[in-house]
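FYI, it's all coordinate maths here, none of it is from the lab. What you see is a predicted model, and the numbers here were worked out from it, not measured in a lab. We place every Cβ from the backbone using ideal geometry, glycine too, and count neighbours over all the protein chains shown.
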Amino acid sequence: SVANMLYVPSYVSFEYALSYYGLIPERVYEVTSASIRAKRTFETSIGRFSYRRVPLKAFSVGTDWLYDEKLGGRLIATKEKALCDKVRSEKKLGKLTQEKLWSYFINDLRIELEDLIKFDVELVRDIAMAYNSRILRSIGVIIAKRKKSG
């Protein structure tokens, strides 16, 4: 993918990956990616590419290499990692209660409940540990609770 080659190392994540997986209803025109390098944006003839910094320890946890004939190969966040990256990048979310965080997923991002409860809770926990993040640990807890309650 152009996004992976434009700023190395990087993987596609955040809003673009959430849209790619069909988790959010909005179409995203800017390719959003994560990198261990500084925050950066590129305007090119084929589109806009933005990069947000993530910690080295969290970089490779929850990423996949995908290939298809049309788009070629690319390093992309799993749906769990894309959501965790998004939450970590929004500083205001760090103070939310579990109930308000769940409301943010359902009402603000408009992710369907049935999609959220399909998330791999163990992967979310691994990502939270790599980030050393309380708010990301909360995501794993609330998804696990919702899975149990149906």
When a footprinting reagent is the concern and you count Cβ atoms within 10 Å, what order do Thr63, Thr41, Thr32 take, fewest first?
Thr41, Thr63, Thr32
Using a cut-off of 10 Å between beta-carbons, work out the net charge of the residues near Ile36 (Lys and Arg +1, Asp and Glu -1, Ile36 not included).
+3
Counting only DSSP loop positions in region 41-78, the trypsin sites (Lys or Arg not before Pro) whose Cβ has at most 11 other Cβ atoms within 10 Å are Lys70
Virtual spin-label span in nm between Asp120 and Ala38, 7 Å along Cα→Cβ:
3.5
Give me the angle, in degrees from 0 to 90, between the Cα long axis of helix 79-89 and the longest principal axis of the Cα atoms of the chain, rounded to the nearest 10.
90
Could you give the length gained by full extension between Val28 and Lys145, i.e. 0.36 nm per residue of separation minus their alpha carbon distance, to one decimal place?
39.1 nm
Rounded to the nearest 10, the angle in degrees between the Cα long axis of helix 134-149 and the longest principal axis of the Cα atoms of the chain comes to 60
Please identify the GluC sites (Glu not before Pro) of region 1-78 that satisfy two criteria: DSSP loop assignment and at most 16 other Cβ atoms within 10 Å. Which are they?
Glu26, Glu30, Glu69
Given a cut-off of under 8 Å on Cα pairs at least six residues apart, what relative contact order in percent is computed for the chain?
21
Answer label, with Rg and Dmax of the Cα atoms in Å calculated from the coordinates and candidates (1) 15.0, 48; (2) 16.9, 53; (3) 17.7, 64:
(1)
Each label sits 7 Å from Cα toward the beta-carbon; between Leu113 and Leu66 the label points are separated, in nm, by 2.7
Please give the net charge around Leu6, taking every other residue with its beta carbon less than 15 angstrom from that of Leu6, where Lys and Arg add +1 and Asp and Glu add -1.
+4
With Cα springs under 10 Å, the Gaussian network model of the chain assigns the largest mean-square fluctuation among Leu116, Leu23, Leu56 to Leu56
